[in-house]
Amino acid sequence: MNFLQFFVWGAWMMTLGHYGFIDKQWNGTEFGLVFSTMGFASLVMPTLFGIIADKWKANYVYAILHLLFGVSMCFLPLIDNPISFFWVLLVAMSFYMPTIGLNNSIGFKVLKDDGKDATTFFPPIRVWGTIGFIVAMWITNVFTKEWGFGLSIKVSFFISAIFAFVLSLYSFFFLPTLKKEPKTADNVKKSLTQKLGLEAFVLFKQKKMALFFLFSLMLGAALQLTNAYGDSFLQDATVFEVGGLINNFSTIILSISQISETLFILAIPFFMKKFGIKNVMLFSMFAWVLRFGLFGIAQNTEIGFVFIILSCIIYGMAFDFFNISGALFVEKSTDSRIQSSAQGVFMLMTNGVGAVLGNIIAGLVIANWFEDPITHVKNWQGIWFTFATYSLVVAVLFAVSFKYKHNPEELKNIRH
């Protein structure tokens with residue numbers, strides 16, 4: 001389940017920039033809007049379908065959502081207009097994004113019903129999701145490169161759809177039907193506001209939490225930028241020659257970023273105990289500066305190739321250190337009664353509001369300052385250095401304004 005869950009995402013997400021910029025010749029503003037669909041879909045849909053799954057059978061909701069996602073993906077290759085593409089992709093992502101949370105909740109419930117500790121057994125299962133994402137990227141690379149099958153990049157949408165149908169069938173027929181938890185007094189008394197997680201917004205009254213959520217939004221704006229523009233950068237013939245190593249294996253090269261994630265996840269307990277939550281979040285922010293900066297100095301040379309590989313390696317620290325340390329900070333700083341809701345606000349600020357604003361503003365910045373309006377040729381060095389400067393400003397502001405004292409005793413039991 002985890003393998004296919006992230007396979008159907010990895011099959012097309014990393015090559016979407018190539019499809020929009022190169023195949024369709026959309027400008028930065030248009031593509032920024034298209035890539036923001038994941039953020040828009042994260043604002044409401046996961047909570048909504050989470051409630052539906054609680055009321056019905058989670059594995060059936062999960063299966064139906066993947067079925068609808070697969071159908072929606074089949075329409076994308078037929079669309080040329082970026083606005084129409086935006087709406088269809090938004091529908092598809094509205095079906096997909098809730099399945100990420102459902103994937104976790106189903107996994108936890110299956111393990112619990114089987115008498116297994118989810119803390120011990122779930123992480124090695126979840127790693128298969130990252131493996132699925134990587135394998136999908138490699139398969140897409142084989143299908144779309146001249147040395148492979150040489151098909152149009154639009155085949156990535158069909159690959160995703162086919163495996164979404166496979167996952168849907170698997171969910172219907174092979175996942176166990178999950179029993180609903182018996183109603184308790186606490187469950188009955190929950191208001192709609194509580195179910196939607198809105199009570200956690202009271203945390204914004206606390207200066208420390210308000211600052212944390214603000215920085216979550218600001219960094220969330222950067223989290224998906226290299227996923228949005230990385231492949232189109234490596235595929236740009238004005239920077240990397242067609243048929244060259246970087247151009248030919250762009251998607252496989254970028255998959256090093258996901259491989260790096262699995263390695264840095266294993267290192268998080270050490271970094272947490274040694275340096276504390278705030279410093280680990282700072283490491284993430286400065287890692288984003290390096291992630292963008294290394295792309296900025298990369299050219300079509302041997303040393304440029306090394307810079308690209310280093311950028312992909314540093315991605316694991318940049319992406320995972322903030323997400324996991326941030327989630328731990330929320331757990332340590334909020335009342336147990338609203339921890340789930342508080343985690344939802346954290347995800348809303350990063351993957352929802354932050355991602356939407358980041359992709360739309362980045363698209364506007366590229367279109368207005370770093371893209372020829374006629375030829376659509378881009379100043380990639382300017383783009384990456386602008387992103388790096390933004391990340392550096394966020395890191396410095398966070399270091400100066402966010403106060404958090406490291407207590408090693410709080411983290412002595414952290415493990416994976």
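The values are calculated or read from the model by the stated rules, or taken from the named source; none is laboratory data. Here the structure is a predicted model, which means the values were calculated and not measured. Please note: Cβ atoms are built from the backbone with ideal geometry, for glycine as well, and neighbour counts cover all protein chains shown.
Conditions (1) over 19 Å from the mean Cα position of the chain (by Cα); (2) over 24 Å from residue 261 (Cα atoms); (3) of a type in the set (A, V, I, L, M), marked per residue:
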| site | (1), (2), (3) |
| --- | --- |
| 74 | yes, yes, no |
| 77 | yes, yes, no |
| 104 | no, no, no |
| 108 | yes, no, no |
| 144 | yes, yes, no |
| 149 | yes, yes, no |
| 156 | no, no, no |
| 172 | yes, yes, no |
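Condition test on residue 147, is it outside any helix (DSSP H, G or I) and either surrounded by 16 or more Cβ atoms within 10 Å (Cβ to Cβ) or not hydroxyl-bearing (Ser, Thr, Tyr) (or both)?
yes
Among 160, 171, 156, which is the only one that is surrounded by 10 or more Cβ atoms within 10 Å (Cβ to Cβ), modelled with pLDDT of 90 or more and touching a Ser or Thr at 6+ places or on another chain (Cβ under 6 Å)?
Every option except 156 fails the conditions.
Mind listing whichever residues of the stretch 225-281 are without any contact (Cβ under 8 Å) to a residue 60 or more places away in the chain and among the hydrophobic types (A, V, I, L, M, F, W, C)?
237, 242, 253, 256, 263, 264, 267, 270, 271, 280
Table: residues versus (1) outside the structural domain of residue 351 (by TED's automatic domain parsing); (2) closer than 22 Å to residue 65 by Cβ; (3) of a type outside the set (Val, Ile, Thr).
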position: 102; (1), (2), (3): yes, yes, yes
position: 106; (1), (2), (3): yes, yes, no
position: 115; (1), (2), (3): yes, no, yes
position: 120; (1), (2), (3): yes, no, no
position: 124; (1), (2), (3): yes, no, yes
position: 129; (1), (2), (3): yes, yes, yes
position: 145; (1), (2), (3): yes, no, yes
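Is it the case that residue 25 is within 22 Å of the chain's Cα centre (by Cα) and either among the aliphatic types (A, V, I, L, M) or closer than 26 Å to residue 252 by Cα (or both)?
no
I'm told residue 142 meets every condition in (1) closer than 18 Å to residue 23 by Cα; (2) outside any loop (DSSP other than H, G, I, E, B); (3) in contact (Cβ under 8 Å) with a residue 40 or more places away in the chain except one. Can you identify the failing condition by its number?
Failing condition for residue 142: (3).
Can you say whether residue 205 is modelled with pLDDT of 85 or more and more than 27 Å from the chain's Cα centre (by Cα), as far as the supplied structure shows?
Judged against the criteria, residue 205 is a match.
Among the residues of the stretch 218-249, what is the count of those that are small (Gly, Ala, Ser), within 29 Å of residue 351 (Cα to Cα) and assigned to a loop (DSSP other than H, G, I, E, B)?
Summing the residues that are small (Gly, Ala, Ser), within 29 Å of residue 351 (Cα to Cα) and assigned to a loop (DSSP other than H, G, I, E, B) in the stretch 218-249 gives 2.
Are any of the residues in the stretch 403-416 at pLDDT 80 or above and part of a helix (DSSP H, G or I)?
No: zero hits.
Given the criteria surrounded by 16 or more Cβ atoms within 10 Å (Cβ to Cβ), aromatic (Phe, Trp, Tyr) and free of Cβ contacts under 8 Å to residues at least 40 places away in the same chain, does residue 307 qualify?
Yes.
Only one of these conditions is not met by residue 266: (1) part of a helix (DSSP H, G or I); (2) among the aliphatic types (A, V, I, L, M); (3) crowded, with 16+ Cβ neighbours inside 10 Å. Which number is it?
So the condition that residue 266 fails would be (3).
Examine the stretch 46-55 for a residue that is under 22 Å from residue 355 (Cα atoms), crowded, with 21+ Cβ neighbours inside 10 Å, under 19 Å from the mean Cα position of the chain (by Cα) and at pLDDT 85 or above, and state whether such a residue exists.
no
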